[in-house]
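**Student:** Below are the structure tokens for one structure; questions will follow.
The values are calculated or read from the model by the stated rules, or taken from the named source; none is laboratory data. Keep in mind that this is a model prediction, so the values were computed, not measured. Glycine also receives a Cβ, built like all others from the backbone with ideal geometry; neighbour counts cover every protein chain displayed.
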Amino acid sequence: MQLFRYCFVAVGAFIADYGCYFLLSYVLNINYLIAAIVGFILGTSVNYVIAKYLVFKGEPKSRVVEIILVFLIGGIGLILLEIGLYCFTKIVGVHYLVSKLIMTAIVFFWNFFARKIFMYSHRFFNILKE
């Protein structure tokens, strides 16, 4: 059920992310890798705020750990996005707008499962206490 709700949240985040990416890269002609960083940050911010209240309703045990994990999970997602965009666009030859769609889907699953396991799993926070 969480994954289903997360899909709806992801639509809003995707609109923010891809809309920003499209505007910066296609309309304003900014390098697609730079545009991806800006779009990713915007989309991740939208995703985090909405998902925190609609999908992952439990509060983490530690606000400090939550903030660290948000940056860590987001950073790993951004690295995956940038590597994938570069590989699909430069190596495989896929158009950068299509590459972004492919990588958005991949990073979507990374974000969901990483948040579920590392941010909102009581077992994970119990391990950190020990």
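**Student:** Starting from residues that are exposed (fewer than 15 other Cβ atoms within 10 Å of the Cβ) and in contact with a Phe, Trp or Tyr (Cβ under 9 Å, 6 or more places away or on another chain), keep the ones in region 1-32 and report whichever is nearest to LEU85 (Cα to Cα).
**Tutor:** The extreme case among them is TYR26.
**Student:** Taking LEU97 as the residue in question, decide whether it is on the phi < 0 side of the Ramachandran plot and without any contact (Cβ under 8 Å) to a residue 60 or more places away in the chain.
**Tutor:** no
**Student:** Tally up the residues in region 50-104 that are more than 13 Å from the chain's Cα centre (by Cα) and modelled with pLDDT under 80, please.
**Tutor:** Final tally of qualifying residues: 16.
**Student:** For the structure I just gave you, tell me whether VAL9 is within 12 Å of the chain's Cα centre (by Cα), under 17 Å from ALA114 (Cβ atoms), among the β-branched types (Val, Ile, Thr) and part of a helix (DSSP H, G or I).
**Tutor:** yes
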